[in-house]
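The values are calculated or read from the model by the stated rules, or taken from the named source; none is laboratory data. Since this is a predicted model, take the numbers as computed values, not measurements. In this analysis, Cβ positions are derived from the backbone assuming ideal geometry, glycine residues included, and neighbour counts consider all displayed protein chains. Ligands, DNA and RNA are stripped out before the accessible areas are found, and what is left, the full protein with its side chains, is counted by its heavy atoms. Shrake-Rupley method; radii C 1.70, N 1.55, O 1.52, S 1.80 Å.
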Amino acid sequence: MTKVALFDSKNYDLPGFEKYAPEKDIEIKYFEAKLCEDTAELAKGFDCVCVFVNDELDAATVEKLYSYGIRLIALRCAGFNNIDTRAAYKKIHIVRVPAYSPQAVAEHAMAMLLTSVRRIHKAYNRTRDFNFSLSGFTGFELKDKTVGVIGTGKIGMQFIEICRGFKMNVIAYDPFPNNKNGINYVSLDELFTSSDIISLHCPLTAETEKIINENSISKMKKGVIILNTSRGALINSAALIDGIKDKKIGAACLDVYEEESDIFFEDKSGHIMLDDNLARLLSMPNVLVTSHQAFLTEEALDSIACTTVNNINSFFKNGKCENEICYHCEKLGKCTKEREEKCF
């Protein structure tokens, strides 16, 4: 039996994993604590750790896990910027869920956009107080507006299809363009200057970190709307706040935040918000924040659990890592083993 320590567990994780794990002779122990150097000791006696976006697997944590006999890190998400892949190389294998439900995230991005531009959240609160005034609720139609999509992977493509359904003009930027879907690719500068709406659907890398910053915001149209359902650190929060204060940015819809790791997924309603930038954003009437919930659908949770369990089973029973990532492959830009065997 393969023993797995699942960190940062929530009640919505359990149904899927309890459904699929027994079928593969996998035993899971759930820990509410996030994985980091201080909590790594909880992994003693296990074969594998299962982690999420806000677990911190820096070099020190990876080294501790390796010393405890952990040989597999199973991400139950697509992004892996929270793992020091260089420290893990030739010690601990890493697998992820490359695509669980692109529709879930893309639909949430559009839901946030519609909520913002049509003031739906404000209307809900107002009518709950029996106030049926329409003052201040004038929005605009999405038809013929230009949306700039940064990142045209699976989620970005789903968002583009939704935008096309609204008859929007779509332009996109991606260093690895998908030329099969008739997408109008432009430079980043042209995307910044031409877009009425900008939606981020790219991974967090050294090249994309704080891609929305003081310089890029200065190039944007006055009143631009920025959507981020990808990774918080794609946006420089201080620059975003300045852009909103200067009325350069008309609205921001954020499902992620660059300093979210100690805040999101937790009930902080009884605490003082110590993060000044987040407190400022939440106080702004044209900022809509959700707490990294874009992925949270029944279909996505089931897919995440199924793929994660299969990744773990494949590694320990079949010696394969179909969804493996490693430092070596990242640097080469491709998998030299073509996913047929372990990277090392």
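What is the set of long-range amide H partners of residue 195 at a cut-off below 5 Å, with H atoms built 1.01 Å from backbone N?
Those qualifying (amide H under 5 Å, at least 5 residues apart or on another chain) are 221.
Identify the GluC sites (Glu not before Pro) of the range 32-139 meeting these criteria: DSSP loop state and at most 15 other C-beta atoms within 10 Å of the C-beta.
Answer in residue order: 32.
Heads up, I need the accessible area for residue 344: 1.4 angstrom probe, whole protein in place, Å², nearest 10.
Per-residue accessible area (residue 344): approximately 70 Å².
With label points built 7 Å along Cα→Cβ from the Cα atoms of residue 269 and residue 122, find their separation and express it in nm.
2.4 nm
Could you give the dipole magnitude of the chain about its Cα centre, charging the beta-carbon of Lys and Arg +1 and that of Asp and Glu -1, in debye to the nearest 20?
Dipole magnitude for the chain comes out near 880 debye.
What lysines does residue 167 reach when the alpha-carbon gap must be under 19 Å and sequence neighbours fewer than 8 apart in one chain are set aside?
Answer for residue 167, where 19 Å is the Cα cut-off: 143, 145, listed by chain and number.
Explain nothing, just the number: relative contact order of the range 244-323, from Cα pairs under 8 Å at least 6 residues apart, as a whole percent.
Averaging sequence separation for qualifying contacts and normalising by length gives 32 percent for the range 244-323.
Within the range 217-270, report the GluC sites (Glu not before Pro) that DSSP leaves as loop and that have at most 14 other Cβ atoms within 10 Å.
259, 266
Using a 1.4 Å probe over the heavy atoms of the protein chains, calculate the carbon and sulfur portion of the accessible area of the range 1-106 as a whole percent.
46 percent
Springs between alpha-carbon pairs under 10 angstrom, Gaussian network model over the chain: which of 184, 228, 169 fluctuates most?
For the chain, modelled as a Gaussian network with Cα springs under 10 Å, the answer is 184.
Under a GNM of the chain (C-alpha, springs under 10 Å), which listed residue has the highest mean-square fluctuation: 273, 112, 157?
Per the Cα network of the chain with a 10 Å cutoff, 273 tops the list.
Per residue, how much accessible area does the chain show when a 1.4 Å probe rolls over the protein heavy atoms, in square angstrom?
Ligands and nucleic acids excluded, the result is 49 Å² per residue.
Provide, for the range 27-123, the number of lysine pairs with alpha carbons under 17 Å apart, each pair being eight or more places apart or on different chains.
Close lysine pairs under the 17 Å cut-off: 7.
Measure nothing but the geometry: give the 0 to 90° angle between the long axis through the Cα atoms of 154-165 and the longest principal axis through the Cα atoms of the chain, rounded to 10°.
It is inclined by approximately 30 degrees.
Could you check the simple spin-label distance between residue 248 and residue 27, using points 7 Å along Cα→Cβ, in nm with one decimal?
Result: 5.7 nm between the two label points.
On the accessible surface of the range 238-314, probed at 1.4 Å, how many percent belong to carbon and sulfur atoms?
48 percent
Could you tally the net charge around residue 239, taking each other residue with its Cβ under 15 Å from the Cβ of residue 239, Lys/Arg +1 and Asp/Glu -1?
Overall, the nearby charge balance is -1.
Of the options 185, 112, 305, report the single residue whose Cα projects farthest towards the positive end of the charge dipole of the chain (beta-carbon charges: Lys, Arg +1; Asp, Glu -1).
Value: 185.
Helix-only estimate, please: 222 nm mean residue ellipticity of the chain, summing -39500 (n - 2.57) across DSSP H runs of length 4 or more and dividing by its residues, to the nearest 500.
-9000 deg cm²/dmol
From the residues 67, 239, 158, which one has its Cα farthest along the dipole of the chain in the positive direction, the dipole being from +1 and -1 charges on Cβ of Lys/Arg and Asp/Glu about the Cα centre?
It is 158.
Could you tell me what % of all Cα pairs in the chain have separations over 28 Å?
Above the 28 Å cut-off, the chain has 46 percent of its Cα pairs.
Quick one: which residues, 5 or more positions from residue 249 or on another chain, have an amide H under 5 Å from its amide H? H modelled 1.01 Å from N in the peptide plane, none for Pro or chain starts.
Long-range HN contacts for residue 249: 223, 244.
Using only the alpha-carbon atoms, how far is helix 102-117 inclined from the longest principal axis of the chain? Give it as 0 to 90 degrees, nearest 10.
30 degrees
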